[in-house]
Amino acid sequence: MKRFLNWMRVLISTALACLVVFAYSPAVFAFCGFYVSQADASLFNKASQVVIARDGKRTVLTMANDYQGDIKDFALVVPVPVLLKEKQVRIGEQKIIDRLDSFSAPRLVEYFDSDPCARYEAYDRVAPVGTTRAAAPTTEAKARRDNYQVTIEAKFSVGEYDILILSAKESDGLEAWLIDNDYKIPQGAKELLQPYIRQNMKFFVAKVNIAELNKTGSQVLRPLMMAYESPKFMLPIRLGMLNANGDQDLLVYILSPKGQAEVANYRTIKVPSGDDIPVYVKNEFGEFYKSMFKNSYNKEGRKVAFLEYAWDMSSCDPCSAEPLSQEELRKAGVFWLDSPNSNQPSSRRIRPIFPPNNGRVFITRLHIRYNRDKFPEDLTFKETSNQEFFQGRYVLRYPFKGEANCDAGREYQRSLRPRFEKEAQTLASLTGWNIADIRRKMNLSSLPDPVETPFWENIWK
């Protein structure tokens, strides 16, 4: 009896926790469960990360540098829709991007079956839901100087970066100017530069100031942030394809006071989510997610953006990391918060019934794998008022391990083999892994046959 009462307390507490989520969030699907692991950006060797805080025409863009090579050879050329001034550019913090990544990463959760022989009334379950000068230009370059048709609109330094804002009339001239001024740009750049020039866009050009970098005590380049106003809600990715070797992974964290953001010029679909998978995947979750993502990417024609997470930043369920505090959100570029002195994390599960719009932050995590062939256009985004919650979430269900010497227990034991077979087939479908290997790892052959043995066979053994 005591065991039964303890069990009931746990059941009622869990049900109430889920009901509270429903009461405060009528449109929310409650993902009650226990967080186990996550698939963050570190899984993908060539992953770039960008944070975009956007409200109306106002944008704060943060770019994490994943440059691999000699830092003195680093050069960044980014088309921007407006002329940026020094006050609009800042150094960001990688730890803030890491926090966003951890908070929104696809996750693994686990549940444990209860004793099938326990006697209790049936209750409705809530469904789980150094500055270096450039070499002097050659004589030939000097002769071309008047023909560049390139204008230096602004010149300043921010942290370890020396920055120029350029405008140009012809891509040939811009390419020649960059090369003659020792910016190491890849072959074929002029063909991709021309469309941006036609749109009257400017070019944000950055080099590393080695002396300033040495002052930071780090050999890792810090993120760059830029703030501007423009109706263009886009991210230029085509220039990055020039020096890309194979597929590139891009993780975009879009922060908005309104709701989900989508890619406007390519399909945006949800990553497969909510499936029960074998419990052994707990020790192989990274490999599982990489295989699952690759398989989904290929099935969708390799020309799609995947939604991995969409949620109000004031809550999470289950939480893979604490929600960011308002101070952290400001460091991520969120400029519409109304409580400047608050630095406490928000509630993990319960959010206000009517949170003020100027204090709401909704995060959308998009994962785009792109290459030269499948993504001929830069990414353009659109804000929406869709506040549906979504997370890439994968479920482990552990069978009951105690004795089950009752009719219900024997029925439960016979149900395990079909259940695990379904999990094996789901895993094979999601990842493309060999079904025989999956069954072997699950040791399915050791489980009881799902067909009950006729009683007379037990009599005349």
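The values are calculated or read from the model by the stated rules, or taken from the named source; none is laboratory data. These figures come from a predicted structure and were not determined experimentally. Neighbour counts run over all protein chains shown; Cβ positions are idealised from the backbone, glycine included.
Worth a mention:
- Residue list for segment 106-118, restricted to those being in a loop (DSSP other than H, G, I, E, B) and in contact with a Gly (Cβ under 8 Å, 6 or more places away or on another chain): P106, D115, P116, C117
- Filter result for G173 (of a type in the set (G, A, S) and either outside the structural domain of E308 (by TED's automatic domain parsing) or within 30 Å of Y297 (Cα to Cα) (or both)): no
- Y67 vs. criteria in a loop (DSSP other than H, G, I, E, B), modelled with pLDDT under 85, farther than 22 Å from R238 by Cβ and among the hydroxyl-bearing types (S, T, Y): no
- Note on segment 173-209: residues that are within 21 Å of F156 (Cβ to Cβ) and loosely packed, with under 14 Cβ neighbours inside 10 Å total 0.
- From the options P195, P231, residue that is in the same structural domain as I163 (by TED's automatic domain parsing), under 22 Å from L61 (Cα atoms), of a type outside the set (G, A, S) and not in a helix (DSSP H, G or I): P231
- Residue pairs whose Cβ atoms lie under 6 Å apart, separated by 6 or more positions or on different chains, with the first residue in segment 421-441 and under 16 Å from K282 (Cα atoms) and the second among the charged types (D, E, K, R) and surrounded by 14 or more Cβ atoms within 10 Å (Cβ to Cβ), are E423/D276; A424/R439; T426/D275.
- Tabulated pairs, segment 321-335, first on the phi > 0 side of the Ramachandran plot, second buried (at least 19 other Cβ atoms within 10 Å of the Cβ), C-beta under 6 angstrom, 6+ apart or interchain: G333/A53; G333/V60; G333/T62
- For segment 374-415, taking the residues that are surrounded by 14 or more Cβ atoms within 10 Å (Cβ to Cβ), basic (K, R) and in contact with a strand residue (DSSP E or B) (Cβ under 6 Å, 6 or more places away or on another chain), the one that is nearest to K258 (Cα to Cα) is identified as R393.
- Matching residues, segment 280-298, being hydrophobic (A, V, I, L, M, F, W, C) and either touching a Phe, Trp or Tyr at 6+ places or on another chain (Cβ under 6 Å) or surrounded by fewer than 15 Cβ atoms within 10 Å (Cβ to Cβ) (or both): V281
- No other residue among F306, F288, F293, F335 is touching a strand residue (DSSP E or B) at 6+ places or on another chain (Cβ under 8 Å), modelled with pLDDT of 95 or more and either part of a strand (DSSP E or B) or of a type in the set (K, R) (or both) apart from F306.
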